[in-house]
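Notes follow the structure.
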Amino acid sequence: MTTRLSQALADAAELAVRVPVPDDLWRRGRRSRRRRRAAAALACLVLAAAVAWLPVRAGTAPEPVGAGPEVLPSAVADPHLWQQTFVGDPNGPAKLVFTTGHSLNLETAVVLIGTDDSYRLIYLPPGGEPGSLSPDGRWLLRHDLLDLATGETRGLERRLTGYLPAVWAADSRTALGVVGGDGGTSYGPDGKEIPPPDEEVVLVDVATGAVRTLTTIPGNSRWWAAFAPDGRRVAVQAADGGETSSLRILDTATGTTLSTVTLTTRQRLAGPAAWTPDGTQLLLAAGGCAWTDYCPEQTWRVQRLDVATGAVTDGTAGDRPGDPSLVAWRAGAPVIQQDRGAGLGCDMIVLTAAHAETLPLTVAGHGCAQYARDLLEEGTVGGTAIEPSPWQAQWWVYVPASMVLAGLVMLAWRLVRHRRRPTR
């Protein structure tokens, strides 16, 4: 630069209007920069929350890999601790229901697997019962009636008590339960035990919630029941610790006793699907011990009771260990759920004249699962094993997840800016 040019610039600077510079200009700049960063972080957080939440609400979240609505999976895993609740987003009708301790409150919860293989949790109150799943998978009968398709709860004319779960008719329109009795023991002034009052066996109408008494059984007794395929008859048996027990066949329209058969303490109805498909026989479970006693080494075999004559004959299957429940008929053969006890899980067995076939059905959690009977009888068994999707979560899970995602975005942004900054 020449001397004349330098002097000219200096003279121009002397004549230029001076711009006042605040003393806190530097602090203002830093404050503005922090605000821009905070706004960018908030925008990233909102964007991340929208990306994570909106697909779930729109029903497009990744689902567990299953094999279709008419297929029962070969294995079902436990839910995540943060699993979506049924109240938050109903997923019925259900393929199957089971209980688990894998929940946030560390208490037993009910797990519902929908026809799309989605998972939902129902947290039980203290002492609450999981209920009984209807054959079509739509209803869960507890002390009240829960519609798994809509999430609505329907009250009953009278609250069911007694030993649950209830027993369903094959058409899912009616069910059998017990009213009366609290399961406790009372004593008189002399210290002697007072026999509990009888309990009522009632018929529940699903459409109206009406409850109608069919018969009575001794209080606090263990009971079993099974509807005939046409729903016009029901077999009821109650064991109160006596030498024998009576199995009664009732007319569901009138409550009239059509016939009575006396059984031993080692004989009981095989399960809620104990009637043969033609309605002429009832299958019994004959145990090695009395069914009302604690017997860790219990074994069982199937017997057939002719409804018309009352004659009992042994089946072809030999003694098997565990506690059986006949839950369905598949291709004319009984499907028996065998609880092996002692936390060993359950087997699903199809008994044929030649052998016993174990179905490829395994479910995590506690005890035995409840399958929708219609699907167990008519659907495909042994589909792809399923696990819960991590995206099927309760809403609060997405808040920390979004914050973590936003933090990662901000970190990546700063790293990119640092790399692009020119070196001096």
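The values are calculated or read from the model by the stated rules, or taken from the named source; none is laboratory data. Bear in mind the structure is a predicted one, so any value in this text is a computation, not a measurement. Every residue, glycine among them, receives a Cβ derived from its backbone with ideal geometry; neighbour counts consider all protein chains shown. The protein model used for the area step is the full one, side chains on, heavy atoms only, and it has no ligands, DNA or RNA in it. Shrake-Rupley method; radii C 1.70, N 1.55, O 1.52, S 1.80 Å.
Only protein heavy atoms count here; on that basis, with a 1.4 Å probe, W82 has an accessible area of about 90 Å².
The length gained by stretching the chain between L106 and A149 to full extension, at 0.36 nm per residue less their Cα-Cα distance, is 12.8 nm. With a Förster radius of 22 Å applied to the C-beta separation of R340 and L81, the computed FRET efficiency comes to 0.20. For T115, which sequence-distant residues (separation of 5 or more, or a different chain) have an amide H within less than 5 Å of its own amide H, given hydrogens modelled in the peptide plane? Long-range HN contacts for T115: K95. At an R0 of 56 angstrom, the distance between the Cβ atoms of T260 and T362 translates into a FRET efficiency of 0.90.
Charged side chains reduced to their Cβ positions (Lys and Arg at +1, Asp and Glu at -1) give region 190-343 a dipole of some 440 debye around its Cα centre.
For E70, no residue has an amide H sitting under 5 Å from its own, ignoring neighbours fewer than 5 places away on the same chain, with H placed 1.01 Å from N.
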